[in-house]
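In what follows, a single structure is set out as structure tokens and then discussed.
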Amino acid sequence: ACCDDGHPFTDIIYEKAIGEGIAKITINRPERRNAFRPQTLNEMTRALNDARNDIEIGVIILTGKGNKAFCSGGDQSLRGSQGYSDHDSTGRLNVLDVQVQIRRLPKPVIAMVAGYAVGGGHVLHMVCDLTIAADNAVFGQTGPKVGSFDAGYGCSTMSRLIGTKRAREMWFLCRFYNAKEAMQMGLINTVVQLDKLEQETVKWSREILKNSPTAIRICKSALNAVDDGHAGLQELSGNATLLFYGSEEADEGKNAYLQRRRPDFSKFPRLP
Ligand code: 1HA
């Protein structure tokens, strides 16, 4: 178990498997079916940042404590007219920031789902790169039933995943779907027995970790780029810059600047 260098975590458990390349973030509010409050999301942001910055980490697993729920969305008892509030009275919808953070994190994030992934918790699994579900998993949106909606990634990623007719069904009817149904719909990657969930998720993680980190990083940003518009292109292009910085051609420009001379790019080919 570990912490980043800030305050200790209360709403999540953050662990890193030393030498494995895997970080795990567990939402730790099982008495509320792992509903999140602003504090939970602030801690998730810190843990995700830590995992991003740790060059030993190549895969992040996101899960919920216990077998009853992955996450049941926003804590409805803390919902006010400006969003969700806990320590101060200012409401916020900071799950939206966490969704963006997961999308932009240049390492795969895997949702490991046992029990309910509903409401804002369902959107969280959808924005993860992969979802491994236990056979007791239940998926659904509840927003229109409880006076809410996620018209951002909650709608757009869903329609990409399962198609626009099915997405309308999930949002308009607010039905719950079991793991087998979710699998058939294309919402998730695989279903395993509950007692094999962690083992299977680690197996998938290890397979990813055998592959080229740069290739995975660029595939992730490319898979998101169209849907994320300019922000998606910016991220994808950042990878081009990152690779270019490793080249002799880019070095010539930097060195010429530092040596106060004209750069000489003549030896670099203008490839077809
Ligand atoms: O839509 C958004 C957003 C949109 C845009 C921007 C930001 C957003 C942020 C959040 C959200 C949302 O997440 S809206 C959707 C909120 N979530 C829900 O509507 C799900 C509510 N929970 C349930 O439907 C059920 O609890 C359950 C299907 C997940 C589990 O049912 P189960 O197993 O029968 O347990 P249950 O007895 O209902 O719950 C156990 C305890 O957990 C209860 O407390 P207790 O009576 O023991 O004191 C229950 O109240 C609590 N709990 C469960 N989910 C939540 C919750 N308390 C607060 N908030 C919850 N979400």
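The values are calculated or read from the model by the stated rules, or taken from the named source; none is laboratory data. A quick note: this is a predicted structure, and the numbers were derived from the prediction, not measured. Cβ sites come from the backbone with ideal geometry, for glycine too, and all protein chains shown count toward neighbours. In case anyone asks, the SASA skips ligands and DNA or RNA and just uses the protein heavy atoms, side chains included. Shrake-Rupley method; radii C 1.70, N 1.55, O 1.52, S 1.80 Å.
For region 48-111, compute Rh as the Kirkwood radius over C-alpha pairs and then the Stokes-Einstein diffusion coefficient at 10 °C and 1.306 mPa s; write the answer in µm²/s, rounded to an integer.
115 µm²/s
Positive-end ranking of A69, Y14, N49 along the dipole of the chain, with charges on Cβ about the Cα centre, is headed by A69. The angle separating the long axis of helix 164-173 from the principal Cα axis of greatest extent in the chain is about 40 degrees.
Computed about its Cα centre, the charge dipole of region 102-232 is approximately 240 debye, with only Lys, Arg, Asp and Glu carrying charge at their Cβ. Averaging 1/r across all pairs of distinct Cα atoms in region 145-272 and inverting the result yields a Kirkwood radius of 19.3 Å.
A Cβ-based charge dipole, computed about the Cα centre of the chain with Lys and Arg at +1 and Asp and Glu at -1, lands at about 600 debye.
A DSSP coil position with no more than 13 other Cβ atoms inside 10 Å describes the following GluC sites (Glu not before Pro) in region 1-91: E56.
A DSSP coil position with no more than 14 other Cβ atoms inside 10 Å describes the following trypsin sites (Lys or Arg not before Pro) in region 138-237: R175, K210. Here each label is just a point 7 Å from Cα along the line to Cβ, and for Y257 and S159 those points are 4.2 nm apart.
In this structure the chain gives 54 Å² per residue of accessible area when probed at 1.4 Å with all protein chains present. Spin-label model, S247 to D54: label points 7 Å out along the Cα-to-beta-carbon direction sit 3.4 nm apart. A straight line joining the Cα centroids of region 106-175 and region 233-255 runs 36 Å. What pairs from K16/K203; K68/K203; K107/K220; K180/K203; K16/K107 go past 18 Å between their alpha carbons? Pairs exceeding 18 Å: K68/K203; K180/K203.
Helix 95-104 versus the longest principal axis of the chain: what angle, 0 to 90°, nearest 10, using Cα atoms? Taking Cα atoms only, the helix is inclined about 40 degrees.
Normalising the average separation of contacting C-alpha pairs (under 8 angstrom, six or more residues apart) by the number of residues puts the relative contact order of region 27-168 at 23 percent. 3J(HN,Hα) couplings calculated from phi for region 47-59 with the Karplus curve 6.51 cos²θ - 1.76 cosθ + 1.60 (θ = phi - 60°) are, in sequence order, 5, 4, 5, 4, 5, 5, 7, 7, 6, 7, 8, x, 9 Hz; Gly and Pro show x. A cut-off of 5 Å between modelled amide H atoms, ignoring neighbours fewer than 5 places along the same chain, links A69 with Y116. Note that region 20-83 carries a Kirkwood radius of 12.7 Å, evaluated over its alpha carbons pair by pair.
About the centre of its Cα atoms, region 187-272 shows a dipole size close to 400 debye [charges on the beta carbon of Lys, Arg (+1) and Asp, Glu (-1) only; nearest 20 debye]. Around the amide H of K107, modelled in the peptide plane, lies no amide H under 5 Å away from a residue 5 or more places distant or on another chain. Nearest 500 deg cm²/dmol is fine: what mean residue ellipticity at 222 nm does the chain get from its DSSP H runs of n ≥ 4 alone, each adding -39,500 (n - 2.57), divided by its residue count? It lands at -13000 deg cm²/dmol. Rounded to the nearest 10 degrees, the inclination of helix 213-225 to the longest alpha-carbon principal axis of the chain is 70 degrees. Along the positive direction of the dipole of region 195-267 (beta-carbon charges: Lys, Arg +1; Asp, Glu -1; about the Cα centre), which of G229, N239, A256 reaches farthest? Farthest along the dipole direction, towards plus: A256. Considering only protein heavy atoms and a probe of 1.4 Å, how much of the accessible area of region 136-239 is carbon and sulfur, as a whole percent? The C+S portion of the solvent-accessible surface of region 136-239 is 57 percent.
Taking each pair of distinct Cα atoms in the chain once, what is the resulting Kirkwood hydrodynamic radius in Å? This gives a value of 20.0 Å.
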